[in-house]
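Trainee: Here it is, the structure in full.
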Amino acid sequence: MTVLVEGISVIIKLEAIERVIPDGWEGFRQYVPNFAWCKDDNIVRLAFLSPEEAKQFAEKLESLKLEHWGKEGAQDFVMVDQMHGIPTRCTWLEFGHVDLNHDPEKKVAACRLAGTKDDSIVTPENWKYENSLTKEYGLTPPEQQNKA
């Protein structure tokens with residue numbers, strides 16, 4: 001499966017949560033700061049409106065002993081930008097754009113565990129494209145929107 005990416009998303013390996021956090025996902029939920037989260041069988045995504053909020057959450061994850069960086073780049077979690085994708089080396093995650101419900105007029109940014117093939121997308125509960133950051137801001141960075 002694939003998870004929606006909007007704003008600045010922090011993507012965490014579910015395996016890492018299960019390995020590091022007491023009581024796994026259920027124990028981790030107490031640290032989830034907002035309702036802008038979704039998960040598939042492999043990864044969890046939390047979205048933030050600003051890089052500062054995402055950075056604060058990343059620091060919280062590190063305090064819980066989830067590893068951000070290692071020799072091979074991103075380890076247990078990584079930050080992903082809706083318009084710019086994965087800004088750093090991350091061998092375990094793929095970023096791209098998919099058609100929501102097979103509708104080419106509703107293209108969204110998404111991530112999935114590298115090597116998986118399922119393009120079905122998971123979104124937060126009560127998320128609707130019509131009210132989304134994607135519909136409001138699009139998928140193209142402003143500095144690229146007017147280039148031919």
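Every number in this text was worked out from the coordinates using simple rules, so none of it is lab data. Just so we're clear, the structure is a prediction, and the values are computed from it rather than from any experiment. Counting neighbours? That spans all protein chains shown, and the Cβs are built from the backbone with ideal geometry, glycine included.
Trainee: How high is the relative contact order of segment 1-77, in percent, with contacts defined as C-alpha pairs under 8 Å that are six or more residues apart? List each step's numbers first, then the result.
Mentor: Details: 102 pairs, mean separation 28.7, N = 77.
It comes to 37 percent, rounded to a whole number.
Trainee: If you filter segment 1-85 for trypsin sites (Lys or Arg not before Pro), then keep DSSP loop positions with at most 12 other Cβ within 10 Å, what is left?
Mentor: Counting only loop positions with at most 12 other Cβ atoms within 10 Å, the trypsin sites (Lys or Arg not before Pro) in segment 1-85 are Lys65, Lys71.
Trainee: Given points 7 Å out from each Cα along the Cα-Cβ axis, report the Trp69 to Lys106 separation in nanometres with one decimal.
Mentor: Here the answer is 3.9 nm between the modelled labels.
Trainee: Out of Gln56, Gln30, Gln82, any idea which swings most in a Gaussian network model of the chain, alpha carbons joined below 10 Å?
Mentor: Gln30
Trainee: Could I ask something else about it? Projected onto the charge dipole of the chain (+1 at Lys/Arg Cβ, -1 at Asp/Glu Cβ, origin at the Cα centre), which of Gln82, Trp127, Pro33 gives the Cα projection farthest towards the positive end?
Mentor: The listed residue farthest towards the positive side: Gln82.
Trainee: Relative contact order for segment 2-138: what percent, with Cα pairs under 8 Å and sequence separation of 6 or more?
Mentor: Answer for segment 2-138 is 31 percent.
Trainee: Using DSSP to define loop residues, name the GluC sites (Glu not before Pro) in segment 40-130 whose beta-carbon has at most 11 other beta-carbon atoms within 10 Å.
Mentor: Glu72, Glu105, Glu125
Trainee: Is any residue of segment 1-42 close enough, with backbone N under 13 Å, to a label point placed 7 angstrom from the Cα of Gln56 along the Cα-Cβ axis, and if so, which?
Mentor: 33-34
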